[in-house]
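Trainee: Quick one: the structure is below, and I'll ask about it shortly.
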Amino acid sequence: LQYCFSRRVDAMGSGGSTLDVKQRLDEVEKACAGKKIGSGKDELDVMKKCSEELRAAMDEVAAKSSPDLHLIDRIGGLSDIIYCNLDSRITLDLVQLADAADVHKALLDIAEDLDSVRATKVSPKVQQKWTEAEQQHYAQLLKELAELIKGLADISKLPEALDEVNQKLEALLQGVKKELAERTLAQCSGFSTAKFGKGFPGLLQKEGPDLLERVHAPVAKFDASAQQVAQIAEGSWEALAPVLAKQSAQVATHLVKVSLQQAAVELAQDNFDGAMTAFAQMQIWWPHTGSEEKEVLNESLGKVLDLADERSFACEADSTADFAAKLDALCSQLAPERAALAPRLAERRARGPLKQLQEEMEKEDANLASLLSSLKDMAAAAETLASAEGLEAAMSALEDFLQQKSQSIEADLAKVLEIAAGYDEIRPKLSLPDTSLLPRIQVLLTSASLQRAREELCKDHGLNPALVLQLVKRAGEASAELDDEMTALLQEVADKTCERMCESFRSAVAEGQEAKVQGLLKFAESFDAAAGTSMILEKLKEIQAAEAPAETTLPAETDAADDPAAPAEEASPDYTTAAAKISQMEEMLSQETGMNPNVILKDLTELVELWPRVASQLSERLATQLAVLQQRMASACAAASAEDQEAKLKALLAFAHKVHDLQHQMDDCAPDFNFAVCSAGASQDLTDAETELGKETGMNPVAVLKNIRNLRLYWQALGPSAEQLHQRLGAMCDLMRSRITSSYEENPEKRPNLLKFSAAFDAAIKDLEGAGEANLAERLKEMDG
C-alpha cells in the first residue's frame, strides 16, 4: 500500500499536466485521506505536494471559460483538510525543534499554496498559530530563567549560572515580544542586583583576581543581551560591568589593607617568611585597587616597608637577605622610587663583623675563635667594607692586639697565627697598607717563647721542665725565620737545658735510677726534636755509655724539682714506681695533643696508694704537673663552653671531679683544681650571655637561656666561694629582666611568646645562687592587671 501511495504522489508531481482535474483531485483526496490531524514533521512533504496539486488544479479550472463549481468546491474542501493538518501540527514541541525555522518556512509555503485556491487566506492563521506557540516557548524559557535565578544559592556557582543565563537570553532574543521582554528584563535586574551583585564580592575574595578574567566576557555578553531585551520592552538597563568593576576595586583595596596589616604583624615578630607571604598576597590584589585609594594605600605600604627595613637591620638571621631580595623585586613594581633594601642590608651586615671584631678586642678575656670568625666574615664582605669608616683604625688595633697576644704563652698559638694569616689575606681587598703581619707575629711568638724558656731555666729551684719543652715547641711552631739574635737565644736555651739535664742524668745513672734515666732520655728526644739544633739525647747516651752506676748521692746544688724525674734519697721500689707514673704524666702533658685522660687517672689512682711513702720527695713534681693539667683542662672547658658542646663539657667536668678527688687524697697538692676548671667554663658561658645581652638590636634570648642552663653544670661544684661569678650572674639576670619587661610593655603582640620565655627563664635560674628571684613570668602577668 505504501508503495502504491508513493507512486500516486510521484505521478501528481511529475505527470499532473496529463491528467484531468478530476483525476488530480482524486489523487489528492486519496493522499489526504485520514490526515486531517498532523504531527510534527511527519509527511509534511506529502502535504506540500498536495497543496501544489490543488494550486495547479485551480489554475486549470480558472482558465476555462466556464469554471466547474463542483470542482472548485472539492478543491476548497481538500484545502480545509490540509489547513487542519497544518494547524494541528503547530505545537510547543514543534517550535522547540532544532530546525524549527525550516519547519516554519515549510508550513508557510504550504499555506501560501492554499491561499491561492481559497477565498479566505490561511497563511495569516498559520503564522498566528506559530507565533502563539513561539511565545509559549519563550514563556517556558522565561520560566526556566526565573527558576535558574531563584534556585541559585551556592555563590561559588555564579560564573556557571551566568553562562546559563546568557544561553537563555540568547534563545529569548530570537523572537520574544514586549510583554515577555518586560518580564525578562525584571529577571535580568534581579540576577544582576540580588544575586550577582551581592554574591560577587564574597566569591571574588574566595577565588582571587582570576575570577575577574573568567567573568569579564560573560558579563559583557549579559549586558549586551539585557540591553536588547530592554529595547524590546521599551525600558532601560543599568549595566552590570561597571558595578562589578567598582566592587572589585573595593574588594582589592580591602584585601591589600588586610595583607599590609598582616605583614606588619609578622614583621613585628621577625617572621620574614610570613611577612613575604602577606606581601605576595597584597601584590596580587594591588593592580585591581581603585585609583582614588592609591594615595592612602601607598602611604600604608610605605610605613610597612619602613618596618621591614627596621626589622631586617635588627635581625641577624641569614634568611633576611633572601627576604630583602624578594621585597626589592616587589618594590620595583609597586614602589620603584624606594631605595633597594638588599644592598643596604648587605652594607649593614658587612659592618657587623667589623663591629664584632672591635667589641671582642676590647674585652679583657677576648676570644680568639670569635675574632677569627669575625675576620672571616669580613673577608666575605671585603668589597663593601673597603670604604667603611674606621676600618683602618680597627685593623691597626687588631695588629696591636695580636702583637700583644703573641707575647703571652697562654694564648692559643694556632689561632693567633691563623688570625694573622687571615688578616694578611684580606688586607689587599680592604685597600690597607701592604705590611704583612704574619712574619712579625711569628718573630714575636718565637722571641717571647724563648725568653720565657730562658727565664725558667735560670731558676735555682722549682724548674718546670715540661714548661721549658712546651715553650721550645711553641717557638718552633711559630715558624719564624730566625735572625742572629734569636738563633743565639735558641742556642742559649738549648745549652742551659743540656747543662741541667746532663747534670741530672749523671746523677741518675750513678744511682741506678732506671726510671729517671728513661724519663730523661725521652725528654731529651722530645727537646731535640722541638729545638732542631740541639743534640742533648746524643750527649746523654754518651754519658750513659761512659759512666757506670755508682753509690753516690745527689749533689747538694741540685734540687729534686729541677728535672723531669728527680731521684729519691734512696731508690726504693715505691719511689721508682711513683716517679715513673709522674714521668709518664709529664711526657703526656708535654704534648700539645694526644693526652689520654684514662692513663692519667690510672696513674693518679695508683699514686694514691704509694703517696704516704713518697709524698715528701715527689709532692712538688706532682703539684707542677697537676697545675699544667689544670690549665689545659680549664682551657678545654672554656672552649667547649664557647662552642656549646654539652656532651664534651660533661665529660671534661666528670674527669675534673675525679682528678680533684684523687689529689685530695694526696695532701691536696692541687686544691683549686675543680674550682679552676668549673669557673673557666662558667665564666665563658657568662661571657657569651653578657655579649648577647649587650647587643642593642637582634639579641637572641634563646642563646642567653642556653648559657644560663649550662651554668647548672658548674654551679654546685663552685660553691659559695664563687662570689664574683655570682655577682656577674645577678647583673646579667637583672639586665635580662629589664629587657624582657620593656619589650612586654612596648610590644603587646609579642606578650604570649614573652610569657613563655619568661617561664623558661624562671625555671633556668631557679636555685642558682646569685640569680635572684625566679618570678619574671609572675611579674609580667601582674602588668596585665
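Trainee: Using volume of the Cα convex hull per residue in Å³ as the read-out, say which of (1) 197; (2) 244; (3) 326 was calculated from these coordinates.
Mentor: (3)
Trainee: Another question about this same structure. Strictly over 30 Å apart at the Cα level, which of Lys415/Lys516; Lys257/Lys326; Lys206/Lys326 would you flag in this model? Please report the intermediate quantities before stating the final value.
Mentor: Values: Lys415/Lys516 36 Å; Lys257/Lys326 20 Å; Lys206/Lys326 25 Å.
Beyond 30 Å between Cα atoms: Lys415/Lys516.
Trainee: What's the ranking of 621-634, 655-668, 198-211 by average number of surrounding C-beta atoms within 10 Å, highest first?
Mentor: On the way: 621-634: 21.4, 655-668: 18.2, 198-211: 16.0.
Order by mean packing, descending: 621-634, 655-668, 198-211.
Trainee: Related question: Taking θ as phi - 60°, what are the ³J(HN,Hα) couplings along the range 430-437 by the Karplus curve (6.51, -1.76, 1.60), each to the nearest whole Hz, with x for Gly and Pro?
Mentor: Going residue by residue, I get 8, 6, 9, x, 7, 10, 4, 8 Hz, with x marking Gly and Pro.
Trainee: When ligands, DNA and RNA are left out and all protein chains stay put, how many square angstrom of accessible area per residue does the chain have with a 1.4 Å probe?
Mentor: Values: 38870 Å² over 785 residues.
That works out to 50 Å² for each residue.
Trainee: Sticking with this structure for a sec: In degrees from 0 to 90, rounded to the nearest 10, what is the angle of the helix 272-285 Cα long axis to the longest principal axis of the chain?
Mentor: Tilt relative to the chain: about 20 degrees.
Trainee: Related question: With a/c under 1.5 counting as rounded, go ahead and sort the range 179-226 into rounded, prolate or oblate using the C-alpha gyration tensor (a ≥ b ≥ c being the square roots of the eigenvalues; past the cut-off, prolate if a/b is larger than b/c, else oblate).
Mentor: On the way: a/c = 5.55, a/b = 1.86, b/c = 2.98.
Oblate, since a/c reaches 1.5 and b/c is not below a/b.
Trainee: For the pair Ala186/Glu547, report the inter-label distance in nm, with labels modelled 7 Å from Cα in the Cβ direction.
Mentor: With each label placed 7 Å out from Cα toward Cβ, I get 13.3 nm.
Trainee: Students often check this: by mean Cβ neighbours within 10 Å, which of 677-685, 474-482 ranks highest, and how do the rest follow? Walk me through the numbers on the way to the answer.
Mentor: Details: 677-685: 25.0, 474-482: 18.4.
Top to bottom by mean Cβ count within 10 Å: 677-685, 474-482.
Trainee: Here's a follow-up. With everything on Cα atoms, drop me the angle between helix 673-693 and the longest principal axis of the chain, reported from 0 to 90° to the nearest 10.
Mentor: Rounded to the nearest ten degrees, it is 40.
Trainee: Give the aspartates and glutamates whose C-alpha is closer than 13 Å to that of Lys376, dropping any in the same chain fewer than 8 places away, or say none.
Mentor: Glu418, Asp424, Glu425
Trainee: What FRET efficiency do you get for Gln96 and Gln333 if R0 is 56 Å and r is their Cβ-Cβ distance, rounded to the nearest 0.05?
Mentor: Details: r = 54 Å, r/R0 = 0.96.
Efficiency at R0 = 56 Å is approximately 0.55.
Trainee: To continue, here is another question. Give a residue-ordered list of calculated ³J(HN,Hα) values for the range 509-514 (Karplus: 6.51 cos²θ - 1.76 cosθ + 1.60, θ = phi - 60°; whole Hz; x for Gly, Pro).
Mentor: 5, 5, 8, x, 7, 5
Trainee: Could you state the angle between the C-alpha long axis of helix 178-190 and the longest principal axis of the C-alpha atoms of the chain, as a value from 0 to 90 degrees rounded to the nearest 10?
Mentor: That helix lies at roughly 10 degrees to the long axis.
Trainee: Continuing with the same structure: For the pairs Lys355/Lys706; Lys539/Lys581; Lys105/Lys177; Lys198/Lys750, note any where the Cα-Cα span goes beyond 27 Å. It would help to have the intermediate numbers written out before the result.
Mentor: Numbers: Lys355/Lys706 24 Å; Lys539/Lys581 25 Å; Lys105/Lys177 20 Å; Lys198/Lys750 39 Å.
Distance filter (> 27 Å) returns Lys198/Lys750.
Trainee: When the Cα centres of the range 261-312 and the range 80-130 are compared, how far apart do they sit, in Å?
Mentor: Cα centroid of the range 261-312 versus Cα centroid of the range 80-130: 71 Å apart.
Trainee: List nothing, just return the count: lysine pairs in the range 35-85, 8 or more apart or interchain, with Cα separation under 17 Å.
Mentor: 5
Trainee: Right, here's the next one. Under 17 Å between alpha carbons, and skipping anything fewer than 8 positions from Lys459 in its own chain: which aspartates and glutamates qualify?
Mentor: List returned: Glu492, Asp495, Glu499, Glu503, Glu557, Asp559, Asp562, Asp563, Glu620.
Trainee: Calculated from DSSP H runs of 4 or more alone, at -39500 (n - 2.57) each and per residue, what is the 222 nm mean residue ellipticity of the chain, nearest 500? Working shown, then result.
Mentor: Details: 34 runs with 578 residues, N = 785.
Rounded to the nearest 500, it is -24500 deg cm²/dmol.
Trainee: Right, another one. Please name which of Val28, Gly390, Leu686 has its Cα lying farthest along the dipole of the chain towards the positive end, using unit charges on Cβ (Lys, Arg +1; Asp, Glu -1) and the Cα centre as origin.
Mentor: Looking along the dipole axis, the top candidate is Val28.
Trainee: Something else: Treating the beta-carbon of each Lys and Arg as +1 and of each Asp and Glu as -1, no other charges, what is the dipole magnitude of the range 130-267 about its Cα centre, to the nearest 20 debye?
Mentor: Numbers: 14 positive and 18 negative charges, 74 e Å.
Here the range 130-267 has a charge dipole of around 360 debye.
Trainee: So if we plug the beta-carbon distance of Ala393 and Ala314 into 1/(1 + (r/R0)^6) with R0 = 25 Å, what FRET efficiency do we get, rounded to 0.05? If you can, show how the numbers build up before the last one.
Mentor: Numbers: r = 26 Å, r/R0 = 1.04.
E(calc), rounded to 0.05, equals 0.45.
Trainee: Okay, moving on. Give the distance, in whole Å, between the Cα centre of the range 174-234 and the Cα centre of the range 641-701.
Mentor: 79 Å
The values are calculated or read from the model by the stated rules, or taken from the named source; none is laboratory data. These numbers were taken from a predicted model, which means no experiment stands behind them. Don't worry about glycine lacking a Cβ; one is built from the backbone with ideal geometry, like all the others, and counts go over all protein chains shown. Each accessible area value is taken on the protein alone, full model and side chains, heavy atoms only, with ligands, DNA and RNA left out. Shrake-Rupley method; radii C 1.70, N 1.55, O 1.52, S 1.80 Å.
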